[in-house]
Structure formats: structure tokens, C-alpha cells
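First up is the structure itself, then whatever we jot down about it.
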Amino acid sequence: MGRCRHRGRQRYGSQAAGTEEQLMSFLNKKLLPPLHADETASSLCSRTAFICGRSVTDFCLDMGTRFRDVANGHRKALSTIGRVCHRDPDALLRHNAIRVDSHNFNWNGQIIHRIGLDRLKMRVCVECLKEDLTHDNCALRVRPYLRADWTVSGVRTCERHARSLIALSVKFAYGAPRDTATVLAEFVDRLDELTLECVDQNFTSFEHFLLSKIRGEQAVVSNWLNELRVDVAMRVCEMIGLVAAEGAWAARKQLDEHQLYHNGESGFQLINAEPDLTSLLDQLVADCAKRRHYPSVPNVMGCIWKNYATRTSDEGFNPFHDRLREYALKNLPVGRGDDAFGIVDTPRKRHSIRTAAEQFDLNHEQMGKLVVASGLGSVDDVKTPSNSFCFDAAEIEQFMERVKAGIRNDDAMDYLNVPISQETGLLKAKLLVPLVVRGQWGHHLFEKQALDKFLERLFQNATPVQECGPGYSNIALATRQAKTNSVVIVRLLFERKLAKVQRLEAERGFLSLLVNAEEISAILHKPDDRGYTSSQLMIALNASSETVRRLIDRGYLPAARLRNTKTGILGLNVSPADLQEFQERYVSSTELARMLRLPVFQVLNWCRNHGLNPAFDPATIGSHYFLREVVPRI
């Protein structure tokens, strides 16, 4: 025998059954409120109780059930109300959420968490209530009814009138009965006043999506939003819209209904346009860097992470969290064992200076220099605050393996057999490029493959010989003979411009290469088709740069200013004809000394003693030049 308790009163099943039969005979079917297609069972029950002059709680107790069971969609309670109201219980279930446990409801096969339903306040469309007053034959104050769509938290617009829903100034305590007919009856005379609180607003695609899921209609989107529960999709869209508008650390609790309306639609459109949310998440990473925070998942995601941290047990968010986790693994410095919307069990894809330094047991400064050396970042990148710069983990690991196998500078020069005097020039000219330079690692570090390639290019045209032939010398000696430097000779070898190249088998490496100084001089001193440059004139006249400049400035060597074909730099240029004319007319004291096989000072003394004066003032030119016609006399 059943027993019902309410406010200290007891009513047993037999008495309740009798009351139900008496009420059914008392109620005129024509006077009962009709069940509308979009009305909830609790609304019909409340309106019927109002006609009977009873509170909805007492009315249900008279029927041998509880209003809580009606609101929660219990089949037995709805069958009882259906018999009294002469309605089909299946019709009552069509727009009623059925409680399945303490937190979740089932609505047309869709599981909805209680946060997705407004059960503590009543939101209505004033225009719909006005229309209700003109319909039906029942009492005027019973005509307004509660639509099922109004109970969905994410729906804030009337689909029929495109007007905002307003919350009536009544708030139900959690678990207390929602006597909707009594509440609506109090506001029937104030509908014109309530109209002023409504605003015109479009029924958004986001709201249409929520109602379509609840009604079981065809999906309006084709992405992972369809995998979410209605309440989860609502929260996710509102959260994404909020973060896109105000940043990762915006506070959702401070938003009003109008802001949530816009956030829900903007988040829904953003997800539809870019389901992987890459642009939004990239912006969150950039904002995190501006705040000078380390790019950890909580720092980047902000309130999204905070929501995840409080709802890790709710698997309904998993499709959303999977997208966030996928982005975090690709773009943030998270590795095995870290929590990135779930514990990571895959190899790391991105490193920061901090995580890389921990892995390779280095300090942050050393790690930053190695990142620059690897080409994965610039000096400015590695100096960003809070180590927010991230780079590819696989590439830095490969580079660190190359560093471990590298050869120190002294060992590398010994391997190449390069004299100390030639080492600096080759490094500055970048003919020898270290893997890591001295400022990044304490000493130059070379790869053996790079050293072998250098030697291979050096010996590409060399002919092996047993001993050094006449006219040949190693590069170090040839630099003095050809009046040039080792960098120039090595470049000529790399460009295959030297035909006379030998390799001494008794020697090794750099010093085993033999070149012909005369061939090098012929190539280097060959004038441009347009004439001789200043450096070429120095070699042709065997004079200093200052002497060449003064000869040109005083007009003894006519020169034109032409643009260098290689560098594009303007420079002085003397034509071959002018140079030949100068050399046929004048002779330097140096050339006279070489012709007479005497020291220069003896030649000058003889000329001074015999009254042979220089053609130019030596103090002005910086050198002694004589007319060539005096050579036979001397």
C-alpha cells in the first residue's frame, strides 16, 4: 500500500485512488486546458491544478503521485496525469526531459546534464504569452503555457517572433516545484510592461543547432560538435566565443544573457569555419607570449583549461578536449607524462629552451646558443621572456647528436693539416664553416663530413706526385710568391680555375696541395676588359696603394670612375693603353734596381751624384720615378 508525505500530511493509496476517480468525474473534459505540441508535462499539470483551485503539489498528491515525478518524466506519474487530463502519456513525454540520474536527463534520446536546462528560473517570450491569451476556451489566466524550448539554457531567443526571452522575477529553489501556471497568471496583467524588457534579436544558427539536436532533426553541422551532448556543445560554443572576444582568462560568471547570446553564436560560427581552432589557439599562444608567461597548457588555454580541470570526469567533453590536445602536442612544449587534456604518452614534438635544457643537461644560456647554431631560432627568439620560444624537438635532438660527434677546433685543424697562419683567414671567409662557433660552445666544433668535403673540393683537380716539381709550391708559400692570400687561392681551386695543381703524396691535407704561383699571378693580375683597378695597378706597377692613388690624383695615370661588375661598387679604373703609355715613359727606382741587380739605395745615390733627377717629386708621389729614356745612360 503506497504512502505519500508532504508537509506533515499523509495520504494512502486507496484514498488517493478515490480522490482521483472523484476528480475525473468532477472535471469537465471541455474545461480542461489543451496539450499544446510544444508544451511540457509539468506545465499542463500546473494549469490543470490551477483550474481545480489547488496548488500543483496538492493536486499531484490528490492523484497519488508527486509533482517532482511529473517534472522528472516518470512514466507512472505521467500516466496518472494523462488519465486525469484525458491525455496520452506518450504525448506528454514528447517534450519532457526524463531524469535518468541525479545529474542527467534524457530528451528524445539526447542525454543532457542538468546545467543545460533552466530549472531554477522561468524564461518566457512575452509575444507568445500574448498570443496564448487569444486562444483556447479555458480560463484566461490558464491559457499561457511553458514551451519546452524555453527550458534549454542556450536558447535565448524566440524562434517564432525573433525576440529575446526574459526571465520572470521569480526564482525557484533547487528541488522546489515549478508551479508555472500560478507564476504566469501573476504576470498576465503585466505583459505590456514586460514587452519593454524584450529586444529584437535574430534566432541564431547556434540556437537552431541546439534545438535540432534535442528534436532529433537532421544535423545542421558536419564536424565534431555533433559528437557533443547538447549541454556540452552549448558550454563549448559559449566558451570559445568568450575566449575569442576577451582572451584566455575571461570570466564567464560575470557575463549577462546578452553577452552569452553573442558568445554562443560567435563560438559556433568560429568552430564551423575552422573545426581545428588553429587560428584561435595560435592567438592564445601569442597572447601568452605577450604576458611573458611560459607557454604551458594551463597558461595558454586559461579558462578553457580551468573548465577542463574541474570536469575531467565528464567524458562528454572528450571530442573537444581531443582537438585541444592535438594542437598542444603539435605546438606547445609538452612531452611524455605531461597533462595536455589527458596524460601524454607519445614522443615530444616541440621543445622550449627550458625543456630542451632539462633533457640535454645544459643551462638555459648554453641551450639558447645551440638553438641559434642549429638555425631553429635567432638570437632574438631565444631571448624571449619566460622561454616562450618553441622549436621542433626532432630537429634539435638530431642537431645535438651532431654536436656530440663533433671535432674540436684544434683537432680539426690537425686533421686538415692547416697552418695556424692560414686558419683565421679560412674561417673568416667561411671556406671552413664550424657546426658551432667559439662564442656558442667555448670552441669551434666541426663535423667530420664537412672537413672531408673541404678536402675533397680542394683536391678535385690535383695530380698525385712523389715530389715537388719546379715552379710549384704549397699554398702557404704561393701566397707570398703571387702576392695574394690563401683565401684567394682556395677559392680559385674550388672554382676550378687553376690547371696546374699537384698533390704531394708524402704530405697530407692542406699542405700536400701544390700550386703554380705564376699561373695564379696571371689570373689575378689580368686586367678587366675595361681597365685596371687600383689593386691590380699596385701589382702591375709594384707600388703601394698610396703611390697609385697619388699618381691618379695628380693626373699622371688617367682614370675613370666605373662600377664593379661583381660588387656594383664604384671605383677608379685605368685603361690598358694608358697604363702601357705610363710604363713606356716612366720607370720606378725599384724596377731600375731589379734591372741593375743593385740595392735601391745605391741606384738612388748614383742618380743623385750624376744629376739625374726624378720625373716627379718623391715627397709628393711617395716613390722615385725616372724617365725611361735615361735607362741607357744609367
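For segment 538-560, residues that are not small (Gly, Ala, Ser) and not in a helix (DSSP H, G or I) total 5. Can you name the residue in segment 98-125 that is touching a strand residue (DSSP E or B) at 6+ places or on another chain (Cβ under 7 Å) and more than 30 Å from Gln218 (Cβ to Cβ) and, of all such residues, is least open to solvent (accessible area, probe 1.4 Å)? Once the filter is applied, the top-ranked residue is Met122. Restricting attention to segment 140-160, the residues that are in contact with a Phe, Trp or Tyr (Cβ under 8 Å, 6 or more places away or on another chain) and either of a type in the set (A, V, I, L, M) or not in a loop (DSSP other than H, G, I, E, B) (or both) add up to 3.
Can you report the number of residues in segment 458-493 which are within 55 Å of the chain's Cα centre (by Cα) and surrounded by 14 or more Cβ atoms within 10 Å (Cβ to Cβ)? Here the count works out to 19. Where helices (runs of 4 or more DSSP H) sit wholly within segment 53-110, those with at least 3 residues that are of a type outside the set (A, V, I, L, M, F, W, C) occupy 56-62, 75-85, 89-94. Return a yes/no flag: does segment 497-507 have any residue that is more than 30 Å from Met367 (Cα to Cα), surrounded by fewer than 19 Cβ atoms within 10 Å (Cβ to Cβ), of a type in the set (Val, Ile, Thr) and in contact (Cβ under 8 Å) with a residue 40 or more places away in the chain. The answer is no, given that none of the residues of segment 497-507 is more than 30 Å from Met367 (Cα to Cα), surrounded by fewer than 19 Cβ atoms within 10 Å (Cβ to Cβ), of a type in the set (Val, Ile, Thr) and in contact (Cβ under 8 Å) with a residue 40 or more places away in the chain.
Taking the listed residues Gly377, Gly368, Gly335, the one that is within 16 Å of the chain's Cα centre (by Cα), more than 22 Å from Leu280 (Cα to Cα) and open to solvent by less than 60 Å² (accessible area, probe 1.4 Å) is Gly377, with no other qualifying.
Within segment 508-518, the set of residues being more than 26 Å from Lys448 (Cα to Cα) and buried (at least 19 other Cβ atoms within 10 Å of the Cβ) comprises Asn516, Ala517. Residues being closer than 21 Å to Phe341 by Cα and not in a helix (DSSP H, G or I) are entirely absent from segment 252-273.
Val221 passes every criterion in (1) under 30 Å from the mean Cα position of the chain (by Cα); (2) free of Cβ contacts under 8 Å to residues at least 12 places away in the same chain; (3) in a loop (DSSP other than H, G, I, E, B) apart from (2).
Scanning segment 300-332 for residues that are touching a residue at least 40 places away in the same chain (Cβ under 8 Å), within 19 Å of Gly247 (Cα to Cα) and open to solvent by 10 Å² or more (accessible area, probe 1.4 Å) yields Cys303, Asn307, Arg323, Tyr327, Asn331.
The values are calculated or read from the model by the stated rules, or taken from the named source; none is laboratory data. If you're wondering where the values come from, they're calculated on a predicted model, not measured in any experiment. All Cβ positions, even for glycine, are placed from backbone atoms using ideal geometry, and neighbour counts span all protein chains on display. Heads up: the accessible areas ignore ligands, DNA and RNA and are worked out on the full protein's heavy atoms, side chains in. Shrake-Rupley method; radii C 1.70, N 1.55, O 1.52, S 1.80 Å.
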